[in-house]
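Undergrad: For reference, the structure I am asking about is given below.
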Amino acid sequence: MRKFVKIDDCGKKGARRRWAAWTAALVILAAIFAACSGLAGDSGSSSQDYAQTSSSNKNLITFRGTVGIQGAVPQEIAPAAMAQGSGGASRTADPTVTISATECYYFVTAEPISGNTAAPISYGKDDTSVFKDTASGTTFELGLTAGSWKITAGIKNKDDKIILASQASPTLTVTEPVFNHTFVAEPSFAQVADGKIELTLNGSGAGIDKMRVSYQDAAWKTAVDGQATGPGSGVVEVEGSEGSFTLTVDSIPAGTYSVAFDFYKDGTMVYSTVQSINVFGGLKTNTWTSGGGTDADVISGGGFVIDDDDVDAFGKTIYYVGTTGAPGAKAPDDANSGSSREPLKTLQKAIDRIALSGNAAKDYRIFVGGTVEGNAKLEPTLNSKARSIAIQGLNQPSSGQSPTDTLAGGFYTTQMQMEVLSVETTVPISIRGVKITRDPSEEMASRGVRVNAEGAKVTLLDGTEISGHNTAANYGGGVYVCSGTLCIKGAVIKQNTAEYGGGVCVESNNVMEMSSGEISDNTSTNSGGAVYVSVNSQFKISGSARVPYGTGKKNDVCLERIGEGDTATQAYITVAGALTGSGEGDVATITPQGWARKSAVLKADSAIITADVAKRFKITDGDFKINKKDDGKSAILSAPIYVAGTGYRICDTS
């Protein structure tokens with residue numbers, strides 16, 4: 001049986017990360033670029049069919065790539081994007097496309113890295129037969145030797161400038177003779193000119209009268225500031241003319257923006273979607289293309305149209321809990337239907353409804369309004385009942401503000417769990433714009449979230465706050481990763497206490513990834529005020545993630561150490577990508593258990609640890625320093641060794 005490696009943007013230990021998938025939507029959980037599938041048209045072949053041998057008789061691994069384009073694009077790009085969905089027929093002739101009357105072509109480069117001594121490979125304008133068009137996108141195959149590679153694929157113009165590109169950095173082995181990867185081509189970061197957006201969305205067939213557009217990226221906020229609902233909010237509200245809405249942005253940096261669109265009828269949200277908007281320097285983004293997923297019903301022929309059937313289908317995957325503010329809404333009650341006008345009282349009831357009648361092919365959303373009390377558990381019975389579940393605040397906070405929609409609980413009894421939210425399902429769970437805090441009327445120990453299932457994945461998105469919990473005699477005040485993966489993308493975890501890991505405790509063989517957000521002002525009664533990292537677990541950090549030590553000097557990251565000498569095992573932090581900013585010691589302050597000189601406290605993933613990267617971290621004991629190793633793969637603990645001079649005096653020890 002042929003074995004494929006799935007590349008996932010937030011996987012467990014050993015999984016490879018996708019290079020460029022951005023999730024910054026306000027309303028629903030699904031990241032627009034999460035799909036990482038095999039190539040169309042290859043079923044029925046075995047690994048042996050693709051075995052290759054180089055001229056030097058070395059076994060080669062077949063690397064198969066698909067270059068895809070998703071979301072809104074300029075009309076000049078649309079022919080290339082729409083060709084993906086036109087059928088499965090391969091085109092072995094010239095696969096070039098025309099953009100602004102300029103000939104462009106597909107390219108791919110494979111550069112050996114991390115000690116790989118193989119020769120680089122490059123295909124471009126003179127190698128058109130390498131690229132074939134399929135329903136999945138434009139595909140290619142490379143024969144590569146085992147080792148680490150940096151592979152870039154996309155589209156260049158006639159001047160050989162990249163206009164669309166994506167990267168992957170796989171490590172290939174002979175045990176995986178076929179390696180598949182989907183490149184979601186995005187506007188090149190090398191573009192310096194701004195682009196424009198002018199996109200029309202039509203909801204007249206569903207009686208929609210208002211559209212709300214939101215994204216939290218700094219570049220987006222700056223571009224839409226003049227028409228946003230508040231300075232720096234990134235939120236634009238558009239009143240429709242006979243159900244037609246146009247989003248216009250006159251100048252915005254090139255890039256891909258994952259944007260949330262919410263549609264309202266008579267003050268009630270009736271449809272929501274997250275779409276990718278691709279902005280190209282010097283071009284206007286004005287055409288919709290479908291990725292062939294859940295958006296296929298609303299995007300067709302370059303347009304975006306919502307009708308009653310779309311609204312009806314959307315409504316069957318939505319539950320409202322708490323106070324919604326909808327006209328004529330009933331008081332929250334678990335006997336209600338769960339609509340905006342008949343909201344449920346508890347989060348647990350919404351979860352139970354999904355477990356009872358859910359569909360494994362659908363994404364579910366639970367909207368929380370006001371303060372909702374009580375604990376909730378997502379049990380294994382959900383595993384075959386949903387593709388994903390998003391828990392979302394109805395009233396998204398402005399940047400830097402605490403959310404007003406709250407889940408309050410976490411109290412413990414002999415019949416009830418300690419945490420507000422216990423995740424025991426493998427269905428991906430995301431939380432956005434919700435405060436998870438302790439019920440102020442309770443005095444028992446509490447915890448925010450517990451991740452407790454092999455394969456579980458919980459993502460904490462922007463606007464989420466976990467605060468006010470106290471598990472002084474236990475693990476993880478804010479979040480306890482007992483089994484599974486925790487991803488932090490913009491959330492704040494603050495003012496929690498535990499014996500180990502006041503903010504977060506990560507048990508062995510589990511994963512915590514943090515690309516943005518903050519863990520601050522937490523304390524422990526033993527170790528790890530901010531985070532306790534157990535041996536054999538992974539704490540991956542990148543981007544704008546911050547774990548400030550604080551003025552109280554208690555919010556540290558403790559790295560567990562087990563054993564002594566050469567047989568000891570030491571936990572470490574993985575630098576998983578570029579770190580924004582440049583402040584000294586501003587990313588995190590580390591307490592390494594055992595204080596063993598030359599033990600690794602930082603290791604590199606796809607990034608390289610330079611001296612500038614190492615200085616972004618500091619040690620709680622000022623006598624110890626973090627020094628990068630020459631290979632750039634790690635940074636170790638070092639300290640001066642003091643030697644007594646000739647005039648020293650031995651103290652009386654009697």
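The values are calculated or read from the model by the stated rules, or taken from the named source; none is laboratory data. What you see is a predicted model; the values in this text were computed from it and never measured. Note: ideal-geometry Cβ built from the backbone for every residue, glycine included; neighbour counts use all protein chains shown.
Undergrad: Working only within the stretch 534-572, note down all residues that are of a type in the set (A, V, I, L, M) and either buried (at least 24 other Cβ atoms within 10 Å of the Cβ) or on the phi > 0 side of the Ramachandran plot (or both).
TA: Ile541, Val547, Val557, Leu559, Ala571, listed by residue number.
Undergrad: Go through Asp310, Asp333 for me and flag whichever is acidic (Asp, Glu) and at pLDDT 90 or above.
TA: Asp333
Undergrad: Out of (1) in a loop (DSSP other than H, G, I, E, B); (2) at pLDDT 95 or above; (3) farther than 26 Å from Tyr475 by Cα, what's the single condition that is false for Gln396?
TA: Every condition holds for Gln396 apart from (2).
Undergrad: While we're looking at this one, here's another question. Taking Gly484 and the conditions (1) among the small types (Gly, Ala, Ser); (2) surrounded by fewer than 21 Cβ atoms within 10 Å (Cβ to Cβ); (3) in contact (Cβ under 8 Å) with a residue 60 or more places away in the chain, which numbered condition does it fall short on, given that it satisfies the others?
TA: (2)
Undergrad: Also, I was wondering about something else. Return yes or no: is Gly529 at pLDDT 95 or above, closer than 18 Å to Thr591 by Cα and part of a loop (DSSP other than H, G, I, E, B)?
TA: Yes.
Undergrad: As an exercise: evaluate Thr323 against (1) touching a residue at least 60 places away in the same chain (Cβ under 8 Å); (2) under 19 Å from Thr404 (Cβ atoms) and give the number of the one condition it does not meet.
TA: (1)
Undergrad: Would you please name the residue that is modelled with the highest pLDDT, looking only at residues in the stretch 272-307 that are closer than 20 Å to Arg212 by Cβ and part of a loop (DSSP other than H, G, I, E, B)?
TA: Here the answer is Val298.
Condition check ((1) closer than 26 Å to Gly543 by Cα; (2) without any contact (Cβ under 8 Å) to a residue 60 or more places away in the chain) across all residues:
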position	(1), (2)
Leu142	no, no
Asn157	no, yes
Asp160	no, yes
Pro170	yes, no
Glu176	no, no
Gly195	yes, no
Thr200	no, no
Asp225	yes, yes
Ile252	yes, yes
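Undergrad: Does Leu356 qualify as being hydrophobic (A, V, I, L, M, F, W, C) and assigned to a strand (DSSP E or B)?
TA: No; evaluated as a whole, the condition is false for this residue.
Undergrad: With the checklist (1) out of contact with any Gly (no Cβ under 7 Å at 6 or more places or on another chain); (2) farther than 16 Å from Gln538 by Cα in hand, flag the one item Asn470 doesn't pass.
TA: With respect to (1) out of contact with any Gly (no Cβ under 7 Å at 6 or more places or on another chain); (2) farther than 16 Å from Gln538 by Cα, Asn470 is out only on (1).
Undergrad: For residues that are free of Cβ contacts under 8 Å to residues at least 40 places away in the same chain and crowded, with 19+ Cβ neighbours inside 10 Å, tally how many sit in the stretch 377-406.
TA: Total meeting the criteria: 1.
Undergrad: Something else: Of all residues in the stretch 409-445 being surrounded by 21 or more Cβ atoms within 10 Å (Cβ to Cβ), under 20 Å from Ala498 (Cα atoms) and of a type outside the set (A, V, I, L, M, F, W, C), which is modelled with the lowest pLDDT?
TA: Top of the filtered list is Gly410.
Undergrad: Sticking with this one: Determine whether the stretch 523-539 contains at least one residue that is closer than 22 Å to Leu461 by Cα and under 18 Å from the mean Cα position of the chain (by Cα).
TA: yes
Undergrad: Since Lys554 meets every condition but one in (1) touching a Lys or Arg at 6+ places or on another chain (Cβ under 8 Å); (2) charged (D, E, K, R); (3) assigned to a loop (DSSP other than H, G, I, E, B), which condition does it not meet?
TA: Lys554 satisfies every listed condition except (1).
Condition check ((1) over 21 Å from Lys489 (Cβ atoms); (2) at pLDDT below 85) across all residues:
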site: Leu199; (1), (2): yes, no
site: Ser204; (1), (2): yes, no
site: Tyr215; (1), (2): no, yes
site: Trp220; (1), (2): no, yes
site: Gly230; (1), (2): yes, yes
site: Val235; (1), (2): no, yes
site: Val238; (1), (2): yes, no
